[in-house]
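A.B. asks: First, the structure itself, so that you have it in front of you.
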Amino acid sequence: MEKKPILIVDDEKNIRLTMSQSLEPLDILIQTAVNGEEALQKLNETSFGLVFLDLKMPGIDGMEVLRQIKDDWPNIRVIIITAHGTIESAVEAMKLGAVDFIQKPFSPGEIRELATQVLKREALDENKTVDYFSLIELTKRHISDRGFAVARETVRKAIAANPAQPEAYNLLGALLEIKGDWLEAQKFYRAALDIDATFKSAQANLDRSTSWHKFGKIDLGPDKKVTDSKDDDAKEGSNEE
């Protein structure tokens, strides 16, 4: 498969330089832009495969650049660059079609790994053999099997396949909560409810995670919860009756 160039859009020179150097081992042509205007100009001139896009820039901001990319070049993958603690904006960007996000500060290894994962997804997307709900069910299975890294990768694919459904955001919240990132998890639960205010799994997770004691299990979605022996025993007892 042809290796299309990567575009890095950020108004901070040190970020552009760090990211460019981090991606050099991938042996892919790297271009940079200092603002949204320059980014759109380069997008008109070159066929890119991946764009790293900062949201907070003077002039045309990252969100508007993302909208134009999705309108004019819908096949380009976009990864959002966001400051620590501003995950709400990244969630909104993913609803618009961004496939992933990375928070500052980040390491060169994190940048390379994320770019590699997204480019692999692009290769898989060419076959379109797995639909959104299959990816959701596969994510739940990975979580139940404690395969959290592969679960995160799978749910990202689900969001790329359909960013307008609540299940994937609820599962991203679950993965963050399992890591102990309660506040970040709650933002994804709220994102799921923004899409569907009646989505009971996200509401249950949000209510539990914001309670004082945080008792109860993480709800992965209809007919599936993180299991333990008590759940299994209860099911067996109900079946016997």
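A.B. asks: Evaluate the following for LEU17: is it touching a strand residue (DSSP E or B) at 6+ places or on another chain (Cβ under 8 Å) and in the same structural domain as GLN68 (by TED's automatic domain parsing)?
C.D. replies: no
A.B. asks: Quick check: is even one residue across region 161-170 exposed (fewer than 15 other Cβ atoms within 10 Å of the Cβ) and either closer than 21 Å to ALA93 by Cα or at pLDDT below 95 (or both)?
C.D. replies: Looking through region 161-170, at least one residue is exposed (fewer than 15 other Cβ atoms within 10 Å of the Cβ) and either closer than 21 Å to ALA93 by Cα or at pLDDT below 95 (or both).
Yes or no, residue by residue, for (1) under 19 Å from LYS157 (Cβ atoms); (2) without any contact (Cβ under 8 Å) to a residue 12 or more places away in the chain; (3) surrounded by fewer than 21 Cβ atoms within 10 Å (Cβ to Cβ); (4) of a type in the set (D, E, K, R):
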| residue | (1), (2), (3), (4) |
| --- | --- |
| MET63 | no, no, yes, no |
| ASP71 | no, yes, yes, yes |
| ARG77 | yes, no, no, yes |
| GLU88 | no, no, yes, yes |
| MET94 | yes, no, no, no |
| GLY97 | yes, no, yes, no |
| PHE101 | yes, no, no, no |
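A.B. asks: Collect the residues in region 201-215 that are without any contact (Cβ under 8 Å) to a residue 12 or more places away in the chain and surrounded by fewer than 17 Cβ atoms within 10 Å (Cβ to Cβ), keeping them in residue-number order.
C.D. replies: Once the filter is applied, which keeps residues that are without any contact (Cβ under 8 Å) to a residue 12 or more places away in the chain and surrounded by fewer than 17 Cβ atoms within 10 Å (Cβ to Cβ), region 201-215 yields ASP207, SER211, TRP212, HIS213, PHE215.
A.B. asks: Can you name every residue in region 94-108 that is in contact with a Ser or Thr (Cβ under 8 Å, 6 or more places away or on another chain) and in a helix (DSSP H, G or I)?
C.D. replies: If the condition is that a residue be in contact with a Ser or Thr (Cβ under 8 Å, 6 or more places away or on another chain) and in a helix (DSSP H, G or I), then PRO108 is the only one that fits.
The values are calculated or read from the model by the stated rules, or taken from the named source; none is laboratory data. Predicted model, so just to flag it, every value in this text is computed and none were measured. We place every Cβ from the backbone using ideal geometry, glycine too, and count neighbours over all the protein chains shown.
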